[in-house]
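One structure below.
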Amino acid sequence: MPVTEPIRVGRDTKEELRRLKIHPRETYDDVIKRLIEEYKRCKHEED
């Protein structure tokens, strides 16, 4: 099992992450990783 670290987020942030899930069983970690990859892709397109 991968090592995990707890992080604190506000209730509204958690709710936004929940809304961004593709599937109800998707983890918040997966949602955050997907957002990071999308951010990187968009940044790369700007360059």
TODO: Show the residue pairs that are 6+ apart or on different chains and have beta-carbon atoms under 7 Å apart, the first residue being within the stretch 1-25 and at pLDDT 95 or above, the second being in a helix (DSSP H, G or I).
DONE: Leu17/Tyr28; Leu17/Val31; Leu20/Val31; Lys21/Val31
TODO: For the stretch 17-40, enumerate the residues that are surrounded by fewer than 11 Cβ atoms within 10 Å (Cβ to Cβ) and of a type in the set (A, V, I, L, M).
DONE: Ile22, Ile36
Open item on the list: Take the conditions basic (Lys, Arg) and not in a helix (DSSP H, G or I) and apply them to Arg25. Does it pass?
Closed with: yes
Task: Unique match (being part of a helix (DSSP H, G or I) and surrounded by fewer than 10 Cβ atoms within 10 Å (Cβ to Cβ)) among Lys43, Lys14 - done: Lys43
Open item on the list: Every residue in the stretch 1-11 that is loosely packed, with under 10 Cβ neighbours inside 10 Å and among the aliphatic types (A, V, I, L, M), please.
Closed with: Met1, Val3, Ile7
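The values are calculated or read from the model by the stated rules, or taken from the named source; none is laboratory data. Predicted, not measured: the structure shown is a model, and the values here were computed from it. All Cβ positions, glycine included, derive from the backbone under ideal geometry; neighbour counts span all protein chains shown.
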